[in-house]
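Let me begin by presenting the structure, written as C-alpha coordinates, before commenting on it.
The values are calculated or read from the model by the stated rules, or taken from the named source; none is laboratory data. Keep in mind it's a predicted model, so treat the numbers as computed, not measured. We place every Cβ from the backbone using ideal geometry, glycine too, and count neighbours over all the protein chains shown. The accessibility values were calculated without ligands, DNA or RNA, using every heavy atom of the protein model including side chains. Shrake-Rupley method; radii C 1.70, N 1.55, O 1.52, S 1.80 Å.
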Amino acid sequence: MAEIVELEIPARPEYLSVARLVVAAAASIEPTFRDDRIDDLRVAVSEATTNAIESHADLRGGQRILIRCNLGDDRVEVEVEDQGPGFDPAHLEPVADVSHPGRLEIEGGFGIPLMRTLADEAEIRSSPGGTAVKLVVFQKRRG
Amino acid sequence: LRLSASRDTGRSSVSFGIDVSHQADWVVLHVSGELDLSSAPAFRHRVVSTVAEGGHRLVVDLTAVDHLDSIGIGLILGAQKRVRTHGGVVRVVADAPRICRVLELTDLARIVPVYSSVVAALADGPGAGVSTPSGAE
(Lines give C-alpha, C1' and ligand atoms only; values in the text may rest on other atoms or scores of the structure.)
Protein backbone atom coordinates (compact mmCIF):
# COMPACT_ATOMS: atom_id res chain seq x y z
CA MET A 1 0.00 0.00 0.00
CA ALA A 2 1.38 3.39 -1.00
CA GLU A 3 2.34 5.94 1.61
CA ILE A 4 2.77 9.66 1.00
CA VAL A 5 5.36 12.04 2.39
CA GLU A 6 5.00 15.71 1.49
CA LEU A 7 7.55 18.44 1.98
CA GLU A 8 7.06 22.12 1.30
CA ILE A 9 10.12 24.36 1.11
CA PRO A 10 10.77 28.00 0.31
CA ALA A 11 12.13 28.41 -3.22
CA ARG A 12 15.65 29.13 -2.02
CA PRO A 13 18.93 27.25 -2.61
CA GLU A 14 19.54 26.80 1.13
CA TYR A 15 16.64 24.32 1.26
CA LEU A 16 17.88 22.08 -1.53
CA SER A 17 19.69 19.78 0.88
CA VAL A 18 16.50 19.45 2.95
CA ALA A 19 14.64 18.14 -0.10
CA ARG A 20 17.34 15.58 -0.82
CA LEU A 21 17.54 14.53 2.79
CA VAL A 22 13.81 13.95 3.21
CA VAL A 23 13.34 12.07 -0.06
CA ALA A 24 16.35 9.82 0.55
CA ALA A 25 15.25 9.14 4.12
CA ALA A 26 11.72 8.29 2.95
CA ALA A 27 13.06 5.88 0.33
CA SER A 28 15.32 4.29 2.96
CA ILE A 29 12.28 3.23 4.95
CA GLU A 30 11.88 0.40 2.46
CA PRO A 31 14.82 -1.85 3.45
CA THR A 32 15.03 -3.58 0.07
CA PHE A 33 15.78 -0.33 -1.74
CA ARG A 34 19.50 -0.48 -2.54
CA ASP A 35 21.81 2.39 -1.75
CA ASP A 36 22.74 3.00 -5.38
CA ARG A 37 19.09 3.43 -6.31
CA ILE A 38 18.61 5.86 -3.45
CA ASP A 39 21.65 7.77 -4.73
CA ASP A 40 20.04 7.91 -8.20
CA LEU A 41 16.83 9.21 -6.64
CA ARG A 42 18.68 11.76 -4.53
CA VAL A 43 20.48 13.31 -7.51
CA ALA A 44 17.41 13.21 -9.77
CA VAL A 45 15.35 15.01 -7.11
CA SER A 46 18.16 17.50 -6.64
CA GLU A 47 18.06 18.31 -10.35
CA ALA A 48 14.29 18.76 -10.39
CA THR A 49 14.34 20.89 -7.24
CA THR A 50 17.26 22.97 -8.49
CA ASN A 51 15.30 23.78 -11.64
CA ALA A 52 12.25 24.61 -9.53
CA ILE A 53 14.25 26.99 -7.33
CA GLU A 54 15.87 28.64 -10.33
CA SER A 55 12.49 29.11 -11.98
CA HIS A 56 11.58 31.38 -9.08
CA ALA A 57 14.80 33.38 -9.27
CA ASP A 58 13.23 36.36 -11.02
CA LEU A 59 10.08 36.36 -8.93
CA ARG A 60 9.45 38.28 -5.77
CA GLY A 61 7.76 37.01 -2.67
CA GLY A 62 7.64 33.78 -0.76
CA GLN A 63 7.07 31.20 -3.44
CA ARG A 64 7.24 27.63 -2.24
CA ILE A 65 8.00 24.30 -3.79
CA LEU A 66 6.00 21.18 -3.03
CA ILE A 67 7.74 17.82 -3.05
CA ARG A 68 5.47 14.81 -2.82
CA CYS A 69 6.99 11.39 -2.25
CA ASN A 70 4.81 8.36 -2.97
CA LEU A 71 6.32 5.20 -1.54
CA GLY A 72 5.18 2.08 -3.34
CA ASP A 73 6.11 -1.55 -2.91
CA ASP A 74 8.65 -1.61 -5.72
CA ARG A 75 9.14 2.07 -6.51
CA VAL A 76 9.36 5.60 -5.25
CA GLU A 77 7.50 8.30 -7.14
CA VAL A 78 8.45 11.91 -6.48
CA GLU A 79 6.65 14.98 -7.77
CA VAL A 80 8.28 18.39 -7.60
CA GLU A 81 5.93 21.31 -8.21
CA ASP A 82 6.85 24.96 -8.53
CA GLN A 83 4.98 28.16 -9.27
CA GLY A 84 7.47 29.54 -11.76
CA PRO A 85 6.70 30.88 -15.23
CA GLY A 86 7.08 27.46 -16.87
CA PHE A 87 8.80 26.43 -20.07
CA ASP A 88 8.21 24.18 -23.05
CA PRO A 89 10.02 20.91 -22.31
CA ALA A 90 9.68 19.88 -25.95
CA HIS A 91 11.72 22.86 -27.08
CA LEU A 92 14.71 22.81 -24.78
CA GLU A 93 17.73 24.32 -26.45
CA PRO A 94 20.05 21.55 -27.65
CA VAL A 95 23.35 21.40 -25.82
CA ALA A 96 26.58 20.66 -27.64
CA ASP A 97 28.44 17.43 -26.93
CA VAL A 98 30.76 17.78 -23.96
CA SER A 99 33.83 17.22 -26.15
CA HIS A 100 32.94 20.18 -28.40
CA PRO A 101 35.25 23.14 -27.66
CA GLY A 102 32.27 25.49 -27.45
CA ARG A 103 30.72 23.38 -24.67
CA LEU A 104 33.03 25.07 -22.18
CA GLU A 105 31.21 28.34 -22.79
CA ILE A 106 28.06 26.99 -21.15
CA GLU A 107 28.04 25.79 -17.56
CA GLY A 108 24.41 24.66 -17.67
CA GLY A 109 22.42 22.15 -19.66
CA PHE A 110 23.38 19.00 -17.76
CA GLY A 111 20.49 18.89 -15.30
CA ILE A 112 17.52 17.57 -17.25
CA PRO A 113 19.53 14.96 -19.21
CA LEU A 114 21.09 13.74 -15.95
CA MET A 115 17.69 13.62 -14.27
CA ARG A 116 16.24 11.59 -17.16
CA THR A 117 19.18 9.18 -17.03
CA LEU A 118 19.04 8.54 -13.30
CA ALA A 119 15.28 8.14 -12.98
CA ASP A 120 13.53 5.20 -14.62
CA GLU A 121 10.72 7.52 -15.63
CA ALA A 122 10.69 11.31 -15.82
CA GLU A 123 7.75 13.41 -16.91
CA ILE A 124 7.68 17.20 -17.13
CA ARG A 125 4.41 19.09 -17.29
CA SER A 126 4.73 22.83 -17.56
CA SER A 127 2.43 25.80 -18.01
CA PRO A 128 2.66 29.55 -17.38
CA GLY A 129 1.43 28.87 -13.84
CA GLY A 130 4.14 26.43 -12.87
CA THR A 131 5.95 23.21 -13.59
CA ALA A 132 5.49 19.71 -12.21
CA VAL A 133 8.17 17.07 -12.61
CA LYS A 134 7.32 13.46 -11.84
CA LEU A 135 10.17 11.04 -11.24
CA VAL A 136 9.88 7.29 -10.77
CA VAL A 137 12.73 5.15 -9.46
CA PHE A 138 12.21 1.41 -9.14
CA GLN A 139 13.99 -0.88 -6.74
CA LYS A 140 15.70 -2.44 -9.72
CA ARG A 141 16.86 -0.25 -12.57
CA ARG A 142 14.80 -0.61 -15.73
CA GLY A 143 15.66 -0.01 -19.36
CA LEU B 1 3.18 12.67 6.74
CA ARG B 2 3.50 16.31 5.74
CA LEU B 3 6.50 18.46 6.54
CA SER B 4 6.92 22.17 6.02
CA ALA B 5 10.32 23.86 6.22
CA SER B 6 10.24 27.38 7.60
CA ARG B 7 11.97 30.28 5.93
CA ASP B 8 13.15 31.44 9.33
CA THR B 9 14.44 28.19 10.78
CA GLY B 10 15.60 26.13 7.82
CA ARG B 11 19.39 25.76 7.57
CA SER B 12 21.50 23.51 5.48
CA SER B 13 22.54 20.60 7.67
CA VAL B 14 25.65 19.74 5.72
CA SER B 15 28.48 22.23 5.94
CA PHE B 16 30.35 23.17 2.79
CA GLY B 17 33.95 24.13 2.76
CA ILE B 18 37.04 24.49 0.62
CA ASP B 19 40.54 24.08 2.04
CA VAL B 20 43.41 25.13 -0.17
CA SER B 21 46.85 23.61 -0.31
CA HIS B 22 49.78 24.30 -2.62
CA GLN B 23 51.75 21.36 -3.90
CA ALA B 24 54.56 21.99 -6.38
CA ASP B 25 53.03 24.35 -8.93
CA TRP B 26 49.51 23.07 -8.32
CA VAL B 27 46.76 24.57 -6.23
CA VAL B 28 44.60 21.85 -4.67
CA LEU B 29 41.04 22.78 -3.71
CA HIS B 30 39.87 20.27 -1.13
CA VAL B 31 36.08 20.54 -1.34
CA SER B 32 33.88 19.11 1.40
CA GLY B 33 30.12 18.88 1.88
CA GLU B 34 27.59 19.32 -0.88
CA LEU B 35 28.49 20.94 -4.18
CA ASP B 36 25.18 22.23 -5.48
CA LEU B 37 23.18 25.37 -6.18
CA SER B 38 23.55 26.51 -2.59
CA SER B 39 27.32 26.24 -2.42
CA ALA B 40 27.96 27.30 -6.04
CA PRO B 41 28.72 30.98 -5.24
CA ALA B 42 31.38 30.02 -2.69
CA PHE B 43 33.06 27.57 -5.08
CA ARG B 44 32.97 30.04 -7.96
CA HIS B 45 34.41 32.79 -5.76
CA ARG B 46 37.26 30.53 -4.64
CA VAL B 47 38.15 29.63 -8.22
CA VAL B 48 38.07 33.25 -9.33
CA SER B 49 40.31 34.37 -6.47
CA THR B 50 42.72 31.46 -6.99
CA VAL B 51 43.11 32.26 -10.68
CA ALA B 52 43.49 35.96 -9.91
CA GLU B 53 46.34 35.06 -7.54
CA GLY B 54 48.10 33.19 -10.35
CA GLY B 55 46.90 29.66 -9.67
CA HIS B 56 46.29 28.26 -13.14
CA ARG B 57 46.91 24.57 -12.45
CA LEU B 58 44.07 23.38 -10.28
CA VAL B 59 43.23 20.06 -8.70
CA VAL B 60 39.63 19.89 -7.52
CA ASP B 61 39.57 17.25 -4.81
CA LEU B 62 36.04 15.85 -4.42
CA THR B 63 36.91 12.95 -2.09
CA ALA B 64 35.19 14.67 0.85
CA VAL B 65 32.12 15.73 -1.17
CA ASP B 66 28.85 14.10 -0.12
CA HIS B 67 26.75 15.28 -3.03
CA LEU B 68 27.52 16.33 -6.59
CA ASP B 69 24.95 17.22 -9.22
CA SER B 70 24.83 19.06 -12.54
CA ILE B 71 25.53 22.40 -10.88
CA GLY B 72 28.86 21.05 -9.65
CA ILE B 73 29.65 19.71 -13.12
CA GLY B 74 28.98 23.16 -14.53
CA LEU B 75 31.22 24.74 -11.91
CA ILE B 76 34.11 22.45 -12.82
CA LEU B 77 33.60 23.27 -16.49
CA GLY B 78 33.60 26.94 -15.58
CA ALA B 79 36.88 26.51 -13.72
CA GLN B 80 38.35 24.74 -16.71
CA LYS B 81 37.28 27.55 -19.00
CA ARG B 82 38.75 30.16 -16.67
CA VAL B 83 42.20 28.56 -16.32
CA ARG B 84 42.44 27.72 -20.00
CA THR B 85 42.53 31.39 -20.85
CA HIS B 86 45.85 31.39 -18.94
CA GLY B 87 47.11 28.14 -20.46
CA GLY B 88 46.19 26.26 -17.30
CA VAL B 89 44.48 23.00 -16.55
CA VAL B 90 41.99 21.45 -14.12
CA ARG B 91 42.21 17.92 -12.78
CA VAL B 92 39.50 16.28 -10.67
CA VAL B 93 39.92 13.75 -7.89
CA ALA B 94 37.01 11.52 -6.87
CA ASP B 95 36.73 8.07 -5.37
CA ALA B 96 33.16 7.62 -4.07
CA PRO B 97 30.92 5.64 -6.45
CA ARG B 98 28.04 8.12 -6.17
CA ILE B 99 30.33 11.01 -7.17
CA CYS B 100 32.10 9.08 -9.92
CA ARG B 101 28.73 8.05 -11.36
CA VAL B 102 27.72 11.68 -11.89
CA LEU B 103 31.10 12.45 -13.47
CA GLU B 104 30.65 9.50 -15.84
CA LEU B 105 27.02 10.11 -16.78
CA THR B 106 27.72 13.72 -17.71
CA ASP B 107 30.84 12.73 -19.69
CA LEU B 108 32.91 15.27 -17.80
CA ALA B 109 35.85 12.89 -17.77
CA ARG B 110 36.10 13.29 -21.54
CA ILE B 111 37.45 16.81 -21.14
CA VAL B 112 38.66 16.96 -17.53
CA PRO B 113 41.01 14.20 -16.31
CA VAL B 114 39.66 12.35 -13.27
CA TYR B 115 41.90 10.57 -10.75
CA SER B 116 41.26 8.47 -7.68
CA SER B 117 43.67 10.37 -5.44
CA VAL B 118 45.43 13.71 -5.23
CA VAL B 119 48.76 11.88 -5.36
CA ALA B 120 47.78 10.29 -8.67
CA ALA B 121 46.60 13.61 -10.07
CA LEU B 122 49.85 15.33 -9.21
CA ALA B 123 51.98 12.43 -10.42
CA ASP B 124 50.46 12.29 -13.90
CA GLY B 125 52.39 13.75 -16.78
CA PRO B 126 52.25 17.48 -17.32
CA GLY B 127 50.40 17.12 -20.59
CA ALA B 128 47.30 15.41 -19.21
CA GLY B 129 44.35 17.72 -19.60
CA VAL B 130 46.47 20.58 -20.92
CA SER B 131 45.18 22.33 -23.99
CA THR B 132 45.73 25.53 -25.82
CA PRO B 133 44.22 28.73 -24.42
CA SER B 134 41.76 28.85 -27.30
CA GLY B 135 40.18 25.65 -26.04
CA ALA B 136 40.96 23.68 -29.18
CA GLU B 137 42.18 20.20 -28.37
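Mind checking the mean number of beta-carbon atoms from other chains within 10 Å of the Cβ atoms in A:108-114?
6
Counting only other chains, what is the mean number of Cβ atoms within 10 angstrom of the Cβ of each residue in peptide A:36-48?
3
What are the semi-axes of the equivalent ellipsoid for chain A, taken as the square roots of 5 times the Cα gyration tensor eigenvalues, largest first, in whole Å?
After scaling each eigenvalue by five and taking roots: 25, 20, 13 Å.
Return the Rg/Rh ratio of the protein assembly as shown with Cα-based radii and a Kirkwood Rh.
Expressed as Rg/Rh, it is 0.98.
Heavy atoms only, probe 1.4 Å: what % of the accessible area of the protein assembly as shown goes to carbon and sulfur, would you let me know?
52 percent
Of B:HIS86, B:HIS67, which has the most accessible area with a 1.4 Å probe, and how do the rest follow in descending order?
My answer, sorted largest first, is B:HIS86, B:HIS67.
Working only with C-alpha atoms, what are the Rg and Dmax values of segment B:11-70, expressed in angstrom?
Expressed in Å, the Cα Rg and Dmax of segment B:11-70 come to 11.7, 38.
For the protein assembly as shown, report the accessible area per residue in Å² (1.4 Å probe, heavy atoms, rounded to an integer).
47 Å²
Based on the alpha-carbon set only, what is the convex hull volume of segment B:42-115 divided per residue, in Å³?
It comes to 79 Å³ per residue, whole-number rounded.
What accessible area, summed over both chains, is buried at the A-B interface (1.4 Å probe, Å², nearest 100)?
3400 Å²
Dipole magnitude of segment A:20-141 about its Cα centre, charges +1 at Lys/Arg Cβ and -1 at Asp/Glu Cβ only, in debye to the nearest 20?
So the magnitude is around 240 debye.
Determine the shielding of peptide A:65-73 by partner chains: average, over its residues, the number of Cβ atoms on other chains within 10 angstrom of each Cβ.
Mean partner-chain Cβ count within 10 Å for A:65-73: 1.
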